[in-house]
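Would you mind keeping the following structure in view while I ask a few things?
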Amino acid sequence: MEALKKFDGAYWRSLFDSRVGKTTWPYGSGVWSKKEWVLPEIDPDDIVSAFEGNSNLFWAERFGKQFLGMNDFWVKHCGISHTGSFKDLGMTVLVSQVNRLRKLKRPVFGVGCASTGDTSAALSAYCAAAGIPSIVFLPANKISTAQLVQPISNGALVLSIDTDFDGCMKLIREVTSELPIYLANSLNSLRLEGQKTAAIEILQQFDWEVPDWVIVPGGNLGNIYAFYKGFKMCQELGLVNRIPRLVCAQAANANPLYLYYKSGWKEFKPLKANTTFASAIQIGDPVSIDRAVFALRNSNGIVEEATEEELMDAMALADSTGMFICPHTGVALTALIKLRNSGVIGSDDRTVVVSTAHGLKFTQSKTDYHSGDIPGMGRFANPPVLVKADFGSVMDVLKDFLLSKKK
Ligand SMILES: N[C@@H](CCOP(=O)(O)O)C(=O)O
C-alpha cells in the first residue's frame, strides 16, 4: 500500500518498460495458438450472472444483502420483452382479440391509446405485426426518445399532443367513442387478463410458494390490479392458500393514490402530475383508481412514494450491483428501502420488486444523473473520467482507482 502511494506516471512507465523488456514474451511465433490453457475448476457458487435465478425472476443477491440486509429479495423483470416493458403481456391479448374481431368482419378500423411511452410501443408493435392500424396519443416532449421512436418505427399514427398524459387520455376516450377505433388502455380488461400472467408466473417460478410482498410501481394503476387478479385467481383455483401483500409505489411528483391512501381512503382527488424522471407514471388522474384501491384493500396493501432524489439514487444503487433498471423500478425500490428501514418488511421476508421496463429506454436520465447534470443529485454518480491518451496519465488514474478500492 505504502509503495503504491509513491507511484506516479513516470514510475509506472519505467516499471512497464523494465517488465516488458525482461519478461519472456509468451505470445509470439505461434506459441500462443499452440499452448493449451487449463482453466481451474469452477465451483457452482463462483458463477456470476448479474442476478441469480431463472427466466426473468432474479434473486438480487448483492442488492438485497448489502443494502437491505435481506436474504430473499427478488426482481421480476418484465422489461425483458419484445418492446421492453410489461405492456407486451397485455397487448398481445388485446390485439389478438381485435385481430379476431376484424376477421369476423366487425368494424374495428384501428386500435388507439394514450401513453407515457410503453403502452404505445407495445400497441404499435403488435398492431404492425397483425397489419392493424394503430393510433397513439403522446404528451409532447414528455416521453423518452427511445420510447418515441418505437411507435414511429412501427408505422403507427403518432400524435404528439401539447398536453400531459391525463390530457391525452381524456382526448382518446372522446375520440374512441366517436370513431371505430378500439381503445387499448388498461381500462380495457383484456389488457389486465394478459398482465395478470406475470403474477401467475411468479408463483410458478417459486414452485407455488407465495412471496410475502410484491412491490409494483403505479401510474395509471392497471398493473397493481392485474397482479392482484393473477394472485387471487391462483388462490381461488387452490394452487396457493394465500396471496402476497401488495405495495404500490408512486413518484411523489405524481402521487394521487398515495394521498388517497394517506387520507384513509376517504377522498380521492385527481391532481396535476408534476414532472418526474419516472415519466411513465407521471399521471394525476389514473383510470384504474377504483380497481387499484380494491386490490390494495384486499391484499392488506400499502402505498409508498419516492421523491426524485430517492428514486434516482435507488436506481443508481441498483445499477451499481449489475441491474440496469428504469426509474419506475427506482420508485419501487425506494418503497422497499423505506419499508425495510421502518421494519415493516422483515429481513427474511420473501419480497419481489416488479421491474416494469428496460433501463435502455431511459438512458438520458441515467446519463444526466451520472454526469452530475441534475442539480442537487448524484449521490452515487459514476462519471466517466476524461484522461489524456498517454500511458502515464492513464496509470495515474488507475492508481487512484486501485487505492480507492483497496480495503
Ligand atoms: N404508463 C402507461 C400509461 C398508460 O397506461 P395503461 O395502463 O393504460 O397502459 C404507458 O406506458 O403508456
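Checking T276 against (1) touching a strand residue (DSSP E or B) at 6+ places or on another chain (Cβ under 8 Å); (2) over 23 Å from R340 (Cα atoms); (3) more than 16 Å from the ligand (Cβ to nearest atom); (4) among the polar types (S, T, N, Q): exactly one of these is not met. Which one?
The number of the failed condition is (3).
Follow-up. Residues S342, S288: which one is among the polar types (S, T, N, Q), at pLDDT 95 or above and open to solvent by less than 50 Å² (accessible area, probe 1.4 Å)?
Just a single option satisfies the conditions, and that option is S288.
Looking at (1) within 20 Å of the chain's Cα centre (by Cα); (2) buried (at least 17 other Cβ atoms within 10 Å of the Cβ); (3) within 16 Å of the ligand (Cβ to nearest atom), find the lone condition where V303 falls short.
(3) is the only condition that V303 fails.
For P327, work out the one condition from (1) within 16 Å of the ligand (Cβ to nearest atom); (2) surrounded by fewer than 21 Cβ atoms within 10 Å (Cβ to Cβ) it doesn't fulfil.
Against the list (1) within 16 Å of the ligand (Cβ to nearest atom); (2) surrounded by fewer than 21 Cβ atoms within 10 Å (Cβ to Cβ), P327 comes up short only on (2).
With the checklist (1) of a type in the set (S, T, Y); (2) out of contact with any helix residue (DSSP H, G or I) (no Cβ under 8 Å at 6 or more places or on another chain); (3) crowded, with 18+ Cβ neighbours inside 10 Å in hand, flag the one item S263 doesn't pass.
S263 satisfies every listed condition except (3).
Further question on the same structure: Quick check on segment 291-300: of everything there that is open to solvent by less than 20 Å² (accessible area, probe 1.4 Å) and assigned to a helix (DSSP H, G or I), which residue is nearest to the ligand (Cβ to nearest atom)?
Within segment 291-300, the match that is nearest to the ligand (Cβ to nearest atom) is A292.
Another question, then. Which of the following residues is under 21 Å from P211 (Cα atoms) and more than 10 Å from the ligand (Cβ to nearest atom): F73, F86?
Result of the check over F73, F86: F73.
Is one or more of the residues making up segment 244-251 at pLDDT 95 or above, outside any loop (DSSP other than H, G, I, E, B), open to solvent by 40 Å² or more (accessible area, probe 1.4 Å) and more than 21 Å from S144 (Cβ to Cβ)?
Yes: segment 244-251 contains one or more residues that are at pLDDT 95 or above, outside any loop (DSSP other than H, G, I, E, B), open to solvent by 40 Å² or more (accessible area, probe 1.4 Å) and more than 21 Å from S144 (Cβ to Cβ).
Looking only at segment 235-254, count every residue that is basic (K, R) and within 13 Å of the ligand (Cβ to nearest atom) and tell me the total.
0
So which residues in segment 276-298 are within 20 Å of E309 (Cα to Cα) and without any contact (Cβ under 8 Å) to a residue 60 or more places away in the chain?
Once the filter is applied, which keeps residues that are within 20 Å of E309 (Cα to Cα) and without any contact (Cβ under 8 Å) to a residue 60 or more places away in the chain, segment 276-298 yields only T276.
If we keep just the residues of segment 353-407 that are modelled with pLDDT of 95 or more, in a helix (DSSP H, G or I) and open to solvent by 70 Å² or more (accessible area, probe 1.4 Å), which is farthest from D88 (Cα to Cα)?
Looking at the filtered set, the residue picked out is T367.
Given the structure, is Q195 open to solvent by less than 60 Å² (accessible area, probe 1.4 Å) and in contact with a Gly (Cβ under 6 Å, 6 or more places away or on another chain)?
Criteria met by Q195.
Take segment 65-118 and flag every residue that is open to solvent by 10 Å² or more (accessible area, probe 1.4 Å), of a type in the set (S, T, N, Q) and touching a Cys at 6+ places or on another chain (Cβ under 8 Å).
Residues satisfying the conditions do not exist here.
Now, a different point. Residues to consider are N300, N274, N220; find the one that is of a type outside the set (G, A, S) and at positive phi.
N300
Of the residues I224, I215, which is more than 17 Å from R291 (Cβ to Cβ), out of contact with any Lys or Arg (no Cβ under 7 Å at 6 or more places or on another chain) and open to solvent by less than 10 Å² (accessible area, probe 1.4 Å)?
Matching residue, one of I224, I215: I215.
Condition check: modelled with pLDDT of 95 or more, open to solvent by 50 Å² or more (accessible area, probe 1.4 Å) and closer than 16 Å to G84 by Cβ. Does L148 satisfy that?
So L148 fits the description; yes.
Within segment 119-234, which strands (runs of 3 or more DSSP E) (wholly inside it) include 2 or more residues that are under 17 Å from V352 (Cα atoms) and either within 12 Å of the ligand (Cβ to nearest atom) or touching a residue at least 12 places away in the same chain (Cβ under 8 Å) (or both)?
Hits in segment 119-234: 213-217.
The values are calculated or read from the model by the stated rules, or taken from the named source; none is laboratory data. Just so you know, these numbers come straight off a predicted model, no measurement behind them. Reconstructed Cβ throughout: ideal geometry from the backbone, glycine too, with neighbour counts over all protein chains shown. For the accessible areas, the whole protein counts, side chains as well, though only heavy atoms, and no ligand, DNA or RNA atoms are used. Shrake-Rupley method; radii C 1.70, N 1.55, O 1.52, S 1.80 Å.
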